[in-house]
Every structure is written in structure tokens, then in C-alpha cells.
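Just so you know, all these numbers are worked out from the coordinates, no wet-lab data involved. Bear in mind the structure is a predicted one, so any value in this text is a computation, not a measurement. Here the Cβ is made from the backbone with ideal geometry for all residues, glycine too, and neighbour counts use every protein chain on show.
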Amino acid sequence: MTGGRSERQIIMNKNYDHKETESRIYSAWEQSGAFCPPEGEDLPADKKTFTVIMPPPNANDPLHVGHAMFVTIEDIFVRYHRMKGEVTLWLPGTDHAGIETQFVFEKKLAKQGKSRFDFDRETLFQMIWDYVKDNSGVAIEQMKRLGASADWSRYKYTLEPEIVKEVVKTFIKLHEDGLIYRSVKLVNYCTKCGTAYSELEVDHEEREDKLYIIDYGKLKVATTRPETMLGDVAVAVNPEDKRYQSLIGEKIKLPLTQREIPIIADSMVDMEFGTGAVKITPAHDPNDWEVAVRQGWNMDEIVRDHQVIGTNGKMNKNAGVYEGLNINDAREKIVNDLGTALVETKPYLHSVGTCYRCHRVIEPLPMKQFFIKVKSLAEKALTALDSGETTIMGAGHDKILRHWLSNLRDWNISRQIVWGIRIPVWYKNDDFVVSETSPGDGYVQETDTFDTWFSSGQWPVVTLKTNKPGDFEAYYPTQVMETAYDILPFWVMRMMMLGIYMTGKSPFKYVYLHGLVRDEQGRKMSKSVGNVINPLELTEKYGADSLRMALVMSTTPGQDSATGENKVRGMRNFANKIWNASRYVVSMEESGIDGDNDQELMDNLNTHIETTTKRLDELKVGFAAEWAYSWFWDSFCDQYIEIAKKGLIGKQAMLKALKTNLILLHPFVPFVTEAAWAEVFPDEGMLISQCWPKLP
RNA sequence: GGACUCUUAGCUCAGUUGGUUAGAGCGCUGCAUUCACAUUGCAGAGGUCGCAGGUUCGAUUCCUGCAGGGUCCACCA
């Protein structure tokens, strides 16, 4: 080496080695305390804060590429605002994911030839708890590998006692405010999973079934479910239908049982469809339930006498001789037994509700469940959207959310599973008491648990309320909620409704919805296609920075994006470019300076700062990443370094430009920029804690 | 049936609130290799910005209609 060159050139390897740097740098960040903003009570009231609550991944799931996406985008926001000097909190956590987790656990049990019914609820809960405990921590470690600069000292879990206490308090408050009721209604029940769902958890699938035309004597009815005719309480026709007007009010005898039922009029009946006459089975069809309610019939009696299918998916005692048969067998037998009363059978394509977990047909069944009256909550959420208190970023999803909020039905929050927060309701005889603890002797607690989304829906509030002193006051409401658009109605909508209910303020200013990550050909990733990319493998191979950059480059909120190994490899090259440009600048000799070139560099640098800052302020991460990438590569490397090689730009100007670039690039590619920073500016502290450049 | 969204280079996608030669990654062609980086550089090919109208001095960008793809919602028995 010649005398003028820096010693550090010898130290800096020719290629950037992420394996050597990443874990070391992450530890240094953690130890520096940069992730952890002060406790809320230490903050002056006027101090500007920037808060992001992390969408809690399932505690027992390894990360998939969607998680990598949210980690990347949120980490970019967080690092940017932290460097801008705002008090920045990124609060992480994990979710117990009630049904998901219990479902996975039951699969495990099934492999051992066991089922949930072999255990009492306490034992089962404990078994799942231990199972989740064994797996938890995996997600956290993986997020750290991606560079997530979250405040782990404030980590929260949905089933920890403090959180459970807050969630229960909210339920009690809702009850006191008259927003909770317990009622028998038709709920979406999966007889395989053994629990009810809200309507959001029901998928609709096209199925090829049969439409049966059955002769009911004075008229014929069309049905896809003949087995439910045992529970018929009426036949309905349209009041305008001339064919049947004269029959309204008359009675007919139900085939098979000869039970007498009335012919009624209801405008819900479509004259064009089938025979224009509908059998009314309130206990097994949502429409029919509504008809019965409109008729003013006694629903308790209907359920008592005319529910013919039980929660076990079998015909019950009201089904008489068919008792004990499962639904399909009962259907077959009834169709047989109908004999000549069965007029016609034709193939019929229609959509049926299926369980989003196991894809069995959902059985609408009357059950006593707890519901939240959502109307007032939804209206306030709509107001928050109208006033701009909360803005949804992501192609068209603002309208979708409004549509949801405007058409919402009461929310069934009871789930017949053990893995969750047990509903704080106590029974003695027929009465129930809502209470955190047992109200006294002889009371038995409800065995149902809350819908997972009932606790997740309170996440921004409860994670801050149960955290460090003063955190809630200092950090709520938050600035950005970043998540995938597919959980907009499940989660974001509920957070808005419950957040406003609990605090009077919408929990976040912006909702940034990222799209689904697809494979390089734009196909949906699926295990069967075998095109699922594993974020950890790619991180291992190319470095976290490369994966982050590949995920975020050229993405736009609400729109799906495509990523694959080629893209990641290209971004690995970018990381190496940063490293080598730094390596060059650090080795430059102090040489001839041309004032014009220096000035032009500084002017362009200001444009760079201005544009990157603007795009990040507008939450356009993909667009910002694209700009920072090409400015660095095309301008700094390909133009200015080449000029500098000719001795036409001074080393100091190049150092300044490099410094600015490392800062501007840091939110996107934190590891390599930190590593290069340590080489070029060893006396200036860590890059993560540098100030974002201001324009002159 | 309703809503949303997309249609830009071979592929996957950006496009700074309408304005001179429309961009990136990967791929392709040619040249260059002790001189930061071959995980490179230089040069280049490649686009009627889905189609048809409209607004405008001017539209990839705004409006309308149409076609095709995708997604979500919906109680038609």
C-alpha cells in the first residue's frame, strides 16, 4: 500500500459480508438503547411522538414473507422518524390467535389419535399454553434478523394477565353501557371445528348441489336441503304472487310427518325462483329466521320444537325417526322416503357458506351467544374517516371499509373453544352476572371464550395502557397502523370501533395497507404450487437488507407486489455497491478540488434530501426507496465517483455526500449502511442515531 | 347482483397531485477487465402508456363508455 491511503482500506473487505455484520450490528443497536424511547411519564406533553403498534403475529407461527413485508415497511417508517428526532416507539407483540392455534393444536392431537373432547378445559388450555410457549420466541428472533428496530422491552402478548384484565374491563364497560346482549340467534357454526363464527369468518364457495322440488299438497316448494323440512314451520309465498294469493292463510300437511303448517306471505320470496313457494325453517336458515321474527312468532318455541340438527352435525330428537343420522344420510333417507312427493331433482350450482378453517359447510344453528351492538361504534368510526382523523392509504380500501362499517351486523363474540380469554360472565340458574371474578357461591363461569379479534381489536389501547407508566398518555393515538389489506374488516375496523369507544380517539392517524406478496410471476404463493418464498432463507443467503429492499422497491399501498430470488439478488448487489462506494471514498486522497463540481454535487444532494424526505413524509415507501436507490447508484456512484477519480471533486465533498447518502439509505438498508458508516465515520457514533439531514 | 382494483419495455412493477427525449429490477445485444465494486462499467435494442370518445394550448396522468384480468362483498330457497 502506498503511503497516502487509509489503513482502513485494508480492513474493508472487497465484498460486503452480511453474515459477518448483521447479528453484531443488531446487538449493538439493542445495547445502545436506540429502540427504546423514554417512559411516557418522562416526556413533556408537547414532545412530538411517532408511534407504530406492530400487528401481532401468531405466537406459534414462523414468519412468512408477509411478515417480512410489514417488518420492512414499519421499520422504514420508524427509523426515519427516529432520525428526524421524534420520540419514536414501535411496540411489538404476539397474538394467541384463538381459533388458528387451537385448530393447529387439535391437528397435532389428532395425529396422536386424540381429540379436544378427551380433556377438560383447564388441561386443554394448559396443553396449548405449553405448546405455544415452546414455539413462541421464534417469530421475535426472526423479526430481529430482518432488522426490526422495535422496542422489545415493551413487548406484549394477548394472553398475559394485564392484557386479559383490560380486555375483560372493556367487555364489562360495554355491558354497562347496554351494548352487550345475550341472545339466541342463528350463528354460523362449524360442526367439525365445534365453534360458532362471526360472518366474517365464513367463506363462500360455489358448489354443485341438487335442487329438490317437493309436493307439499296445495303447492310445491323448492329446496336444496330436504332434511330440514322436518323443522318447517310454514310455507311462504310472495304476497303479489297471483298463483298463490288465494292460499295465504290456509294450512297444509307436511309430507312425512303430516304436521300441519300455515301458508304465509312474505315479500322476501322471489316469484321467479323455483316454484315461488319457500319452506320456512327458522332454526336452520337465516332468511327463514328473519321471516319468523317478522311474523312475530315465539322464537324460543321454534328452537325448542323445530330445531332438527344439533351442534354435533346430527339430526336431533325433533327429527323423530331420523334422530342420530348425520346430515347427508338424513337427506338421502328423506329423499327416499318422500316417494312420489318428490316431484323433481335437478342439478343446481350455488354458493354455500364454508368454514374458513376446515372448509366444511357451515351450519346455521340457533345458539345463545354474546353479541355486541355495533351500530353506534360503527357510526363513530365512520365519523373518524369523514373528519380525516384517520386516513386509509391503499387503493380503494377506504371505500371498502366504509361499506363494511355501513352494513355491519351485530358482532357475535362467543367462541366455543378454550384457547382464548374466557368470557367474564357467571350463571346461577337462568340469570347471568357480568363480573371479573365470581360473584359468589353457586355461580358457574361461562365456558365460551372471546373471539380473538375482540382482544386484538383493543390492541393499540391495551398494549399502551399496560406498558410503562405514562405510555398511554404519551403515545396514544398512534401515527401509523401498517398491515395487510386482507384483515381490514377483521382487525382495522374493530380497532377503530373499540379504540374510539374506549378512549374517544381513533387509535391511528394513518392506516397503511400493504398488498399481498406474490411470486416472481405474479402468482399467489401456495404450498401446493411450491412457489412459497421463505424470508429466512433469503436473508441467510443474501442478507436482510437485500430482502427488505426487494420487498419494498416499487410497491404501492393496497396493491399486490411480486418478489423472488432474482430481485433479492439484485438488491444484494446494491448493498455491495454501498459498501464499495464507501470503500472508495474512504481511500480517496486529498486532491485537486474543483469548486464547480463540489457545488453541483451539493446542489444535487439537496434535491436528493428533499425528494427522499418528501416521499417518506407522504408514506410512499416504495417510491422513496426507488429514488434513494437510483440517486445513489446513478448519480453518486456512476457520475460523482467517476468525476472524483479524475481529481475534480474534493474528498471532503465526497465524504459529505456519502454521509448524507448513508443516512438517507439507512431506513431501507440498515445493516450495510451501519457497517459502512462504522468504517468511514468511526468517531461519530452509530448511524441509527444520526440526525436526518435538513435542507439549508 | 354490488363494489373495488388493474391493463405502461420480453417478465414483474413504479410513475412525484397534466407539461420538454415515459422509468426501475430481472432478462437481452455489443464492448470493456490489475486502477471501489464482475455482486462491475460503458453503449444499445425494446413501449401507438388496453380500446374509443371527451375536457385542455397540452393527458400515461382528469372525465365517460367499452373490453379483458384480479380481489372483496351479497340471504336467492
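In square nanometres and to one decimal, what's the mean projected area of the convex hull around the Cα atoms of the range A:215-276?
3.9
Ordered by residue, what ³J(HN,Hα) values in Hz, to whole numbers, does the range A:408-413 give under the Karplus form 6.51 cos²θ - 1.76 cosθ + 1.60, where θ = phi - 60° and Gly and Pro are x?
Coupling constants for the range A:408-413: 6, 9, 4, 9, 6, 10 Hz.
What is the helix-to-structure angle for A:375-387, meaning the angle in degrees between its Cα long axis and the longest Cα principal axis of chain A, kept from 0 to 90 and rounded to the nearest 10?
Roughly 30 degrees, rounded to the nearest 10.
In square nanometres and to one decimal, what's the mean projected area of the convex hull around the Cα atoms of the range A:147-189?
6.0
Efficiency by 1/(1 + (r/R0)^6): what FRET value for residue A:387 and residue A:182, r their Cβ-Cβ distance, R0 = 56 Å, to the nearest 0.05?
My answer for the efficiency is 0.95.
Normalised by the number of residues in chain A, what is the relative contact order in percent for Cα pairs under 8 Å and 6+ residues apart?
The normalised contact order for chain A reaches 18 percent.
So, by mean Cβ neighbours within 10 angstrom, what's the order for A:418-424, A:254-260 with the highest one leading?
A:418-424, A:254-260
Would you calculate the convex hull of the Cα atoms in the range A:2-147 and tell me its volume per residue in Å³?
187
For a paramagnetic label modelled at 7 Å from the Cα of residue A:121 toward its Cβ, which residues of the range A:194-209 fall within the zone defined by backbone nitrogen distances under 17 Å?
Backbone N within reach: A:194-197.
Over the residues of the range A:531-629, compute the C-alpha Rg and express it relative to 2.2 N^0.38 Å.
1.35
Which value in nm describes the separation of the simple spin-label points at residue A:202 and residue A:165, placed 7 Å from the Cα toward the beta carbon?
3.9
Could you sort A:205-216, A:432-443, A:509-520 so that the peptide with the highest average Cβ count within 10 Å comes first and the rest follow in order?
Taking the mean over residues of other Cβ atoms within 10 Å, the ranking is A:509-520, A:205-216, A:432-443.
On average, how much area does the Cα convex hull of the range A:508-558 cover when viewed from any direction, in nm²?
4.8
Among A:385, A:371, A:397, which residue has its Cα positioned farthest towards the positive end of the charge dipole of the range A:322-398, with +1 placed on the Cβ of Lys and Arg, -1 on the Cβ of Asp and Glu, and the dipole taken about the Cα centre?
A:371
Give me the percent of Cα-Cα pairs in the range A:570-696 that sit more than 27 Å apart, rounded to a whole number.
When all Cα pairs of the range A:570-696 are counted, 12 percent exceed 27 Å.
Out of every Cα-Cα pair in the range A:315-367, what percent are more than 19 Å apart?
Cα-Cα pairs in the range A:315-367 separated by more than 19 Å: 48 percent.
I'd like the per residue volume of the convex hull spanned by the Cα atoms of the range A:622-692, given in cubic angstrom.
Dividing the Cα hull volume of the range A:622-692 by its residue count gives 84 Å³.
With no solvent and one equal point scatterer placed on each C-alpha of chain A, evaluate the Debye formula and give log10 I(q)/I(0) for q = 0.11 Å⁻¹, two decimals.
Rounded to two decimals, the profile gives -1.14.
Given the options A:65, A:157, A:92, identify the residue whose Cα lies farthest towards the positive end of the charge dipole of the range A:13-160 (+1 on Cβ of Lys, Arg; -1 on Cβ of Asp, Glu).
A:65
Using unit Cβ charges (K, R positive; D, E negative) and no other charged atoms, how large, in debye to the nearest 20, is the dipole of the range A:420-561 about its Cα centre?
Value, rounded to 20: 440 debye.
Calculated from DSSP H runs of 4 or more alone, at -39500 (n - 2.57) each and per residue, what is the 222 nm mean residue ellipticity of chain A, nearest 500?
-12000 deg cm²/dmol
What is the gain in length, in nm to one decimal, between residue A:173 and residue A:39 on full extension, counting 0.36 nm per residue of separation less the C-alpha to C-alpha distance?
45.5 nm
Run the numbers for residue A:427 and residue A:295: contour at 0.36 nm per residue of separation, minus the present Cα-Cα distance, in nm.
So the chain would gain 44.4 nm between residue A:427 and residue A:295.
Please name whichever of A:492, A:297, A:664 sits farthest to the positive end of the charge dipole of chain A, dipole taken about the Cα centre and charges placed at Cβ: Lys and Arg +1, Asp and Glu -1.
Final value for the positive-end residue is A:297.
If I fit a long axis through the Cα atoms of helix A:670-680 and take the longest principal axis of the Cα atoms of chain A, what angle between them do I get, 0 to 90°, rounded to 10?
Helix A:670-680 and the main axis of chain A meet at about 10 degrees.
Could you sort the peptides A:476-482, A:357-363, A:50-56 by per-residue average Cβ neighbour count (10 Å cutoff), highest mean leading?
Ranking, from highest mean packing down: A:50-56, A:476-482, A:357-363.
Taking only the alpha carbons of the range A:388-499, what extent do you get along each of the three principal axes, in Å, biggest first?
Principal axes ranked by extent give 54, 38, 23 Å for the Cα atoms.
Which semi-axis lengths, in whole Å and largest first, follow from the square roots of five times the eigenvalues of the Cα gyration tensor of the range A:77-191?
Calculated on Cα positions only, the semi-axes equal 33, 24, 13 Å.
Going by the alpha-carbon gyration tensor, a ≥ b ≥ c the square roots of its eigenvalues, is the range A:160-214 rounded (a/c under 1.5) or, if a/c is not under 1.5, prolate (a/b greater than b/c) versus oblate?
Prolate.
Using the Cα atoms as the points, what is the convex hull volume per residue of the range A:221-352 in Å³?
Values: hull volume 15.4 nm³, N = 132.
Roughly 117 Å³ of hull volume per residue.
When the Kirkwood hydrodynamic radius is evaluated over all pairs of different C-alpha atoms of the range A:326-424, what value in angstrom, to one decimal, is obtained?
About 18.5 Å, per the Kirkwood formula over Cα pairs.
So which of A:220/A:317; A:165/A:465; A:645/A:694; A:192/A:314; A:84/A:694; A:14/A:577 end up more than 19 Å apart, counting from Cα to Cα?
As for pairs spanning more than 19 Å Cα to Cα, those are A:220/A:317; A:645/A:694.
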